[in-house]
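Enquirer: What follows is a single structure, and I will ask about it in a moment.
The values are calculated or read from the model by the stated rules, or taken from the named source; none is laboratory data. Everything numeric in this text was worked out from a predicted model, so none of it was measured. Methodologically, a virtual Cβ is constructed for each residue, glycine included, from the backbone with ideal geometry; neighbour enumeration extends over all protein chains shown.
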Amino acid sequence: MTNSRKDSLISEGLQIVDALLVFVAFWLGGLIRFTIGRGTQDEVLRGESLSWILFIAVPLTPLALRQFRFYQHLRHKSFSTAISQIFQVLLIVTLVLSSFLVFTKQPDTRRLVFGFGLLILGVLLFTRDRLTQLWLNSRLRNESDHERIVIVGTQKETADLLAYLGLGITGSWNVVAQLDLFSFQVSNFFELLKNESVSRVIFAAGSSEFDKVALAVEACELQGVEAWISASFISSRIARPTFDVIGNKPMLVLRSTPELSWALLFKAVIDRVGAPLLILATSPFWIFAAIGIRWSDPGAPILFSQMRAGRYGKPFRIWKFRTMVANAPELLDQVKEDHGNQMDGPVFKLKNDPRIFPFGALLRKLSIDELPQLLNVFYGEMSLVGPRPLPTYEVDAFSEITYRRRLSVKPGITCEWQAGGRNKITSFDAWVKMDLEYIDNWSLLLDLKILLKTIPAVLFSKGAS
């Protein structure tokens with residue numbers, strides 16, 4: 001195994017894309033042949049000249065590209081290397097197709113379709129490779145996309161690890177801290193993970209400080225932060241141990257969050273595609289809300305924004321239709337004093353909050369106030385399904401460090417708590433338990449079930465206020 005799990009998924013995805021490019025290339029070859037008057041449009045549509053070519057070329061091309069290492073060193077591959085690899089693969093594909101043509105004497109084959117298809121395929125593969133490199137490198141240049149990492153080990157061990165891996169791997173990292181086990185304090189480590197929104201801790205330590213490594217791993221798993229360890233002596237209560245690779249260096253990974261998979265990537269695609277479609281479908285409600293808020297409270301903003309804790313506690317600005325008076329944040333302490341709090345723990349919930357104006361109450365009852373969060377989903381800050389994001393000041397007030405594990409996945413517009421009648425739940429411990437069960441048992445099917453449960457919850461105003 002020479003690639004990490006993430007790099008392997010990217011490679012597999014590009015192979016699927018390239019297989020589609022093979023189909024497009026030969027289809028365009030047939031279209032060009034028709035255009036220059038050497039075939040009929042009916043032949044092109046029926047694909048009489050294409051079927052056997054596609055049957056061979058579609059699976060063969062990605063396999064040959066992989067054999068010639070086309071999917072390695074994606075960020076740093078040179079122009080000449082890409083050209084050389086594509087040329088060699090096209091030669092292989094040509095030889096295989098030509099041999100098949102000679103031995104089987106395919107009657108419907110048109111040489112122009114064959115030639116134009118290979119030429120277009122070379123152009124498409126090269127273009128896709130260059131665009132992929134630009135995209136990957138643009139993510140490296142955008143520091144906000146860099147993964148926030150802590151490396152644990154002596155100064156020499158850390159320096160050796162970074163030098164061994166090189167910029168090809170570490171260029172996408174933001175190393176927020178380098179810790180030495182000999183001066184390790186678990187209380188400070190807890191605060192570091194929380195304050196720096198760390199997503200991964202890499203243990204490069206080669207010493208025998210196993211007890212301190214165990215404490216650090218426990219701190220990681222309680223907050224849902226991935227722990228990558230170059231040893232196999234740790235047992236965990238929550239996290240699932242798996243092996244992965246950084247460069248060629250084997251690592252033991254302890255994850256207490258859903259493992260990176262095609263299902264997880266498909267969830268992200270559903271979010272990015274579904275959000276704009278839902279915005280379009282619900283646009284009449286947006287207009288209704290905007291007009292109603294402006295009419296109910298002239299001069300005040302239509303939208304309300306607040307800093308919420310996103311994945312790993314990273315702050316982001318959430319958007320909602322405003323349902324409270326403009327100075328609602330300033331009145332919060334007084335409302336707590338006068339009316340108390342229906343939810344125990346650090347969060348504040350009140351069924352008949354006096355700060356809500358009448359039209360705002362209607363928006364809440366119909367859950368229309370939540371619609372602008374589709375913008376957060378589209379921007380990648382939230383998901384359609386996931387634990388509800390809490391204000392940053394409520395997250396800072398968590399009394400139990402284990403509560404932070406609910407921050408280890410993207411927050412969502414709806415969740416088990418939201419879809420199951422949220423006003424019936426007054427225990428924050430019960431709320432967190434539901435979120436952690438969702439994280440531990442996540443699947444696309446579970447997301448679908450929650451979305452289906454959300455529909456009647458919204459239609460019948462179940463638990464909304």
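Enquirer: Please specify each residue of the range 181-198 satisfying the condition of being surrounded by 16 or more Cβ atoms within 10 Å (Cβ to Cβ) and not in a helix (DSSP H, G or I).
Expert: Phe184, Glu196, Ser197, Val198
Enquirer: Can you find even one residue in the range 226-233 that is surrounded by fewer than 12 Cβ atoms within 10 Å (Cβ to Cβ), at pLDDT below 95 and under 24 Å from the mean Cα position of the chain (by Cα)?
Expert: no
Enquirer: Here's something else I'd like to know. On the basis of being under 23 Å from Tyr379 (Cα atoms) and either small (Gly, Ala, Ser) or modelled with pLDDT of 90 or more (or both), does Ser399 make the cut?
Expert: No, not satisfied.
Enquirer: Being buried (at least 17 other Cβ atoms within 10 Å of the Cβ) and not in a strand (DSSP E or B): is that true of Gly380 here?
Expert: Answer is no for this residue.
Enquirer: Of the numbered conditions (1) in contact (Cβ under 8 Å) with a residue 12 or more places away in the chain; (2) surrounded by fewer than 16 Cβ atoms within 10 Å (Cβ to Cβ); (3) over 24 Å from Tyr379 (Cβ atoms); (4) among the hydrophobic types (A, V, I, L, M, F, W, C), Ile291 fails exactly one; give the number of that condition.
Expert: The one condition Ile291 does not meet is (1).
Enquirer: Is there any pair linking a residue in the range 174-186 that is under 9 Å from Ile151 (Cα atoms) to one that is among the β-branched types (Val, Ile, Thr) and in a helix (DSSP H, G or I), with Cβ under 7 Å and at least six apart or on different chains, and which?
Expert: Gln178/Thr158
Enquirer: Sticking with this one: Examine the range 340-354 for a residue that is surrounded by 17 or more Cβ atoms within 10 Å (Cβ to Cβ) and among the acidic types (Asp, Glu), and state whether such a residue exists.
Expert: So far as the range 340-354 goes, yes, one or more of its residues are surrounded by 17 or more Cβ atoms within 10 Å (Cβ to Cβ) and among the acidic types (Asp, Glu).
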